[in-house]
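The values are calculated or read from the model by the stated rules, or taken from the named source; none is laboratory data. Everything numeric in this text was worked out from a predicted model, so none of it was measured. Backbone-built Cβ (ideal geometry, glycine too); neighbour counts: all protein chains shown. What goes into the accessible areas is simple: the full protein's heavy atoms, side chains included, and nothing from ligands, DNA or RNA. Shrake-Rupley method; radii C 1.70, N 1.55, O 1.52, S 1.80 Å.
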Amino acid sequence: MSDGLDELYQVSQAVLSVTRQMSVRDVLQVIVRSARSLVGARYAALGVPDEGNSFAEFVVDGISGAEWQAIGPLPRQHGMLGVLLKEGKPERLADIRQDPRFEGWPAAHPQMSHFLGVPVRDGEQVLGIIFAANKTSAAAEKRGFTERDLHILSLFAAHAAIALTNARLYERSRELSVMQERSRLARELHDAVTQKLFSIRAHARAAAVLAARQPCDPDRVRAEIDIVGELGAEAHAELRAVIDGLAPPDLQTGGLTESLRRYAVLAGRAHGIPVAFTAPDLPELKADQEAALYRVAQEALHNALRHSGAGAVCVRLARTARRVTLEVADDGHGFAPEAPSGGVGLASMRERAAHAGGTLTIKSGTQGTLVRMTVPVPGGG
């Protein structure tokens with residue numbers, strides 16, 4: 001392989017390594033490690049600026065944990081770091097210490113000479129700066145970084161910017177999903193438990209009033225207390241269903257089919273509505289696909305049991321050679337899926353299906369509602 005193709009291959013592998021990461025912190029670490037390897041540097045770092053005069057993130061490679069601790073606080077946006085952030089253009093220096101813009105470093109900082117700095121840009125915005133210092137080999141150390149090193153690192157930085165932006169968007173979508181889950185839980189707690197507790201208090205007060213009357217009617221007091229007991233049992237069952245739905249079970253241990261079966265049975269009992277469940281042996285799916293199927297079934301089942309007025313609900317899993325299908329059907333009064341009142345629940349289901357590479361369709365009318373989600377079987381063609 002020629003030198004040019006070899007370098008292109010190395011950049012390609014580095015880009016692939018970065019794009020496999022989903023968390024921002026992992027993306028930053030892989031960017032730094034890849035940058036250092038691509039240009040043969042002894043040290044590399046990536047700084048992500050904050051809104052003040054410091055850095056929100058500062059990731060290093062080539063320095064041990066003890067050395068990093070000895071250096072002290074994160075650097076400020078001054079000296080060459082500030083120049084790169086403000087001007088947003090690459091810098092290649094034979095000796096950073098001789099540049100008039102250099103403002104020194106802490107006593108424990110490694111001594112650096114040859115310097116390469118490249119901005120990570122998203123359009124006009126500088127997301128961060130990658131910089132490398134000191135070549136690893138003695139021969140390369142004499143000549144320092146080359147124009148080719150600068151070109152390679154600039155090319156890598158352009159792709160790294162895309163990966164960093166995608167990771168940030170992914171984390172924000174995860175945060176939004178958490179907020180949606182909290183909203184769903186709050187709705188369930190209000191709908192399922194708060195009303196029961198209000199009724200319990202009302203009947204308990206009625207029992208107290210009846211017990212204080214003279215003459216006392218023990219049968220009426222007993223009847224009110226029995227109602228309190230029944231309502232308490234219902235509230236307990238519904239609270240168990242909410243808590244069970246707060247976090248998905250360990251699907252790898254229990255399996256999607258059994259985990260979903262248990263939840264469907266528990267939710268049906270809590271609401272006093274029969275829930276039928278059928279499923280064949282399923283092919284092996286990806287973890288995110290199983291989690292999405294479970295969560296969509298959970299949300300669809302919640303909607304059917306709480307809001308549709310259904311007398312019965314059916315949860316079904318089916319499979320073909322190429323896809324697995326989930327269906328949640330009820331015989332309730334239906335709704336308009338495209339209406340604004342569809343709320344966060346429907347948006348959350350659509351988002352989960354899309355993130356898992358699947359599709360979601362909702363059909364609703366006076367005869368009931370059908371929620372159908374399909375995901376492709378990995379390797380199924």
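Data table
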item	result
Some residue of the range 284-307 being crowded, with 18+ Cβ neighbours inside 10 Å, outside any helix (DSSP H, G or I) and not hydrophobic (A, V, I, L, M, F, W, C)	no
Residue in the range 229-252 that is open to solvent by less than 60 Å² (accessible area, probe 1.4 Å), part of a helix (DSSP H, G or I) and at pLDDT 85 or above present	no
Answer from 281, 288 - the residue that is farther than 30 Å from residue 235 by Cβ and free of Cβ contacts under 8 Å to residues at least 60 places away in the same chain	281
Answer residue from the range 27-65, given it is touching an Asp or Glu at 6+ places or on another chain (Cβ under 6 Å) and not in a helix (DSSP H, G or I) and is most open to solvent (accessible area, probe 1.4 Å) among those	56
Unique residue being among the β-branched types (Val, Ile, Thr), at pLDDT 65 or above, in a helix (DSSP H, G or I) and loosely packed, with under 14 Cβ neighbours inside 10 Å when the list is 257, 194, 165	194
Matching residues in the range 266-283 - criterion: being open to solvent by 60 Å² or more (accessible area, probe 1.4 Å) and either at pLDDT below 85 or acidic (Asp, Glu) (or both)	269, 272, 281
Residue list for the range 212-222, filter: in a helix (DSSP H, G or I), of a type outside the set (D, E, K, R) and open to solvent by 50 Å² or more (accessible area, probe 1.4 Å)	212, 218
